[in-house]
Amino acid sequence: MAVSDQAADPQSTLCKFLDLRLPQRGVVVDQWIKELQKTPWTVIDVDADRSLLGTALEIRMGLDLTDEPAHWGLLSFLPPEPCHALLSAAGFAPATYDHLPDSGTTDPLLLSWHRITQPTQGQDAAQRAALVACINAACIDQLAHRLHATPAAQLRRSLFLALYGGGAGPLDENHPAFAGLHHMWNGYLRHGRQELQQLGRQTIVALPLAPGFATADLAVGRTLVEIKASTEPTHHLQVWLNQLLGYLLLDRLNIFGWEAIAVYLGWHATILTIPVANLLAAATVGPTPSLDQLRAEFHQAICPELDEAATFYLQARYPRPAAATSPPNAQ
């Protein structure tokens, strides 16, 4: 059971550990609920899959916050023209090298992209097409998770075309999902981007913390961020806090040096944050444990499940060849 699933299961190893070691973490949820009473962006009602919208928003935000394109695993399913248009609309351009001859390469997956600008509005045709491309990339997400062998882009694109025909994808601007993503993207441009950029300069997208077990959405500066697209976040804040704590504790070697955790709420275009030190002090009874101590204890508790997830992931990615049949004994 992955961290995202364990966060919602009171009987999971994660929740039992948090209940034992951080039993008063609900005070953080209460604080966040108070902050939600004033948000800069209003929710609109759309008949669309929230999970799909959340993935599409992650893709679009990831392409906005980083200096180089992210989410290549999903972008590699898109036909070349929509992929190229998406990257261009996101503010990237193919790199050129004056001291090297032009290779003639044109496939966007084979080019080196770098940021030249950031869009400031989401109304023109290119930006709207970019949102559609993100939604269509999100549509393929579940299939992508099952492709452990990471087939070549040729096969990925063939699968996409086999499923959705010769167009750019299954959905267009007439689908309710577009209205939802368009609304969240405009809120992000007006409010969310500035809040996130204030967290720091360096941005890392889709952090693989444990194979087959945990992948965090975003790290901005020293803050771990989860991106959520729920219209009623108060119903989920406890689960999201558990999820963030699971990711925080899994970084046992402190590779990322996180000093705060946060939830970015797409529909509300706002970010809820808390410093790790404040969280640990508020959530514990008695002396506040160190983060290193909690990580070591959590690793011991979760280690069997980490091993199981890693084994399943690696066996699916690298199937063991069948045993060779021994030749019959010579007569």
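The values are calculated or read from the model by the stated rules, or taken from the named source; none is laboratory data. Note that the coordinates shown come from a computational prediction; the quantities given were computed from them, not determined experimentally. When we count neighbours, we look across all protein chains shown, and the Cβ atoms used for this are built from the backbone with ideal geometry, even at glycine. To get the accessible areas, we keep the full protein, side chains included, count just its heavy atoms, and leave off ligands, DNA and RNA. Shrake-Rupley method; radii C 1.70, N 1.55, O 1.52, S 1.80 Å.
Measuring r between the beta carbons of Val285 and Gln123 and using R0 = 41 Å, the FRET efficiency lands at 0.20. Sorting Arg320, Arg115 by solvent-accessible area of protein heavy atoms yields Arg320, Arg115, largest first, with a 1.4 Å probe. For Tyr97, the solvent-accessible surface computed with a 1.4 Å probe is close to 110 Å², ligands and nucleic acids excluded.
Farthest towards the positive end of the charge dipole of region 85-201, among the residues Ala130, Leu163, His183, is the Cα of His183, using unit charges on the Cβ of Lys, Arg, Asp and Glu.
Sum -39500 (n - 2.57) across every DSSP H segment of at least 4 residues in the chain, then divide by the residue count to get the 222 nm mean residue ellipticity, nearest 500.
-14000 deg cm²/dmol
Surface calculation, 1.4 Å probe, protein heavy atoms: Leu109 sits at approximately 50 Å² accessible. Residues in region 250-300 average 42 Å² of solvent-accessible surface per residue, probe 1.4 Å, ligands and nucleic acids excluded.
Counting only Cα atoms, the size of the chain along its three principal axes is 80, 64, 47 Å, in decreasing order. For the chain, a simple Cβ point-charge model (Lys and Arg +1, Asp and Glu -1, everything else neutral) yields a dipole of about 280 debye relative to the Cα centre. With 0.36 nm allotted per residue and the present C-alpha distance subtracted, the Arg222-Leu111 stretch has 37.0 nm of extension available. Of the DSSP H helices in the chain, those with a Cα length along their own long axis of 24 Å or more and a mean Kyte-Doolittle hydropathy reaching -1.0 comprise 291-317.
Cβ-Cβ distance of Leu100 and Ile255, R₀ of 30 Å, FRET efficiency by 1/(1 + (r/R0)^6): the value works out to about 0.35.
Spin-label model, Gln300 to Glu232: label points 7 Å out along the Cα-to-beta-carbon direction sit 4.1 nm apart. Where in region 237-269 is the amide nitrogen less than 17 Å from a point lying 7 Å along the Cα-to-Cβ axis of Met1? Counting backbone N atoms under 17 Å from the label point, the list is 238-247. Rolled with a 1.4 Å probe across the full set of protein chains, the surface gives Glu308 an accessible area near 130 Å². Entry comment: accessible area of region 48-124 is 47 Å² per residue, from protein heavy atoms only and a probe of 1.4 Å. Prolate is the label for region 1-134, because the ratio a/c of its alpha-carbon gyration tensor axes (a ≥ b ≥ c) is 1.5 or higher and a/b is greater than b/c.
Taking every DSSP bridge with both residues inside the chain, close to 75 percent are antiparallel.
Sorting Asp47, Asp30 on solvent-accessible area from highest to lowest, probe radius 1.4 Å, gives Asp47, Asp30.
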